1. Of (1) in a loop (DSSP other than H, G, I, E, B); (2) over 21 Å from Ala59 (Cβ atoms), Val215 satisfies all except one. Which?
2. Of all residues in the stretch 193-247, which are in contact with a Phe, Trp or Tyr (Cβ under 9 Å, 6 or more places away or on another chain), farther than 27 Å from Val139 by Cα and either surrounded by fewer than 17 Cβ atoms within 10 Å (Cβ to Cβ) or of a type in the set (Gly, Ala, Ser) (or both)?
3. Filter the stretch 304-313 down to residues that are in contact (Cβ under 8 Å) with a residue 24 or more places away in the chain and surrounded by fewer than 24 Cβ atoms within 10 Å (Cβ to Cβ) and give me whichever is farthest from Glu244 (Cα to Cα).
4. Return yes or no: is Ala256 modelled with pLDDT of 90 or more and out of contact with any Asp or Glu (no Cβ under 7 Å at 6 or more places or on another chain)?
5. Tell me which residues, restricted to the stretch 80-97, are within 17 Å of Glu225 (Cα to Cα) and either among the small types (Gly, Ala, Ser) or without any contact (Cβ under 8 Å) to a residue 60 or more places away in the chain (or both).
6. Just the residues that are of a type in the set (Val, Ile, Thr) and not in a loop (DSSP other than H, G, I, E, B), please, taken from the stretch 44-68.
7. Considering only the stretch 71-96, how many residues are over 16 Å from Ile129 (Cβ atoms) and not charged (D, E, K, R)?
8. Can you spot a residue in the stretch 304-314 that is over 30 Å from Glu33 (Cβ atoms) and outside any strand (DSSP E or B)?
Amino acid sequence: MPTDEPESVDSGSAGVYESLGHSAQQTAEQLAEARERILGELRRVIVGQDEAIEQLLVALFADGHCLFIGVPGLGKTLLVRTFAQCLRLRFSRVQFTPDLMPSDITGTDILFQDPATGAREFRFAPGPIFANVLLSDEVNRAPPKTQSALLQAMQERQVTAGGHTYPLELPFFVLATQNPIEQEGTYPLPEAQLDRFMFAVVMDYPSEREEMEIVTLTTGETLPEPTPVMSGAEILQLQRTVREVAVGETVLRYAAQLVRRSRPKDPSAPAFVREWVEWGAGPRATQTLILAGKARALLHGRLAVSREDVRALALPSLRHRVIPNFAAEAEGITADDIIARLLEEAE
């Protein structure tokens, strides 16, 4: 595992290696080892989708939520379920439908009668959100009122119901799926909720070789079962280590400028952003780039964030936070196209 400072790390981060010390280096090795163990178990069931898996692992150790976007049959639900099986975490799945109510997710007070005394009282029955990993399948099929039931849990890791606030067990992840093709009878997620997802992960079609391997794997007698390799306590410890990683001023400025240039009213915005963007990314995007960059650096055995980490995570961090306007849509310009051009001009 490399321990030398990467060429792309700015001089402001050069002292990170000495300041973090041997224990941090040891923890970085543990994180890189954890990555390999989880990947090994995922690869027993999941074929291909390397970028999606990498971004999922970064979000895990950066304590963020993910929105998986892809057509049916690409293994979005299977990836999330297998990911939860690789960890010793409680897993819960909710199929979002138009008739789903907020209480179906958060839970509700029910009237309970003591069989011995006959006394009655209301008790809170927790919903499926009280898990470590919540799979929100086809999240855009439920109306906004139900979608909003996730907001407090995603941001504050707690749920308010019946006038009482209940903390969620940590770690807590919302991993949602969405079909980008079939939009009839769906309710697009509002920008406020999209912003709470650390990444919007796009899953694409497999290659021919991968597709043949998928068919061979899934048409046999049984699918292999992954073995749990990490507990919730270990995840929380590694998440704390991720936050201790230092970031040089040059990398921090690079991330901030990249995000600010996505805003059409910012003086630094290029002409194509003013022409094609309705709303640019907010400060939470910069936070995501830096925190996820810390996790990615440690996952690859490095103790400092580089510009390459920021660039590698720009698309999943920004594609759901940069909103193209009607002019862009008329020309077939997507958020990914705008972000790619921003990255080109930032080289």
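The values are calculated or read from the model by the stated rules, or taken from the named source; none is laboratory data. Note that this is a predicted model, so its numbers are computed, not measured. For neighbour counting, all protein chains shown are included, and Cβ atoms are generated from backbone atoms with ideal geometry for every residue, glycine included.
1. All conditions are met except number (1).
2. none
3. Within the stretch 304-313, the match that is farthest from Glu244 (Cα to Cα) is Arg311.
4. Numbers: modelled with pLDDT of 90 or more: yes; out of contact with any Asp or Glu (no Cβ under 7 Å at 6 or more places or on another chain): yes.
So Ala256 fits the description; yes.
5. Filtering the stretch 80-97 down to residues within 17 Å of Glu225 (Cα to Cα) leaves 80-91.
Selection gives Arg81, Ala84, Phe91.
6. Ile53, Val58
7. Count: 13.
8. Keep residues of the stretch 304-314 that are over 30 Å from Glu33 (Cβ atoms), which gives none.
No.
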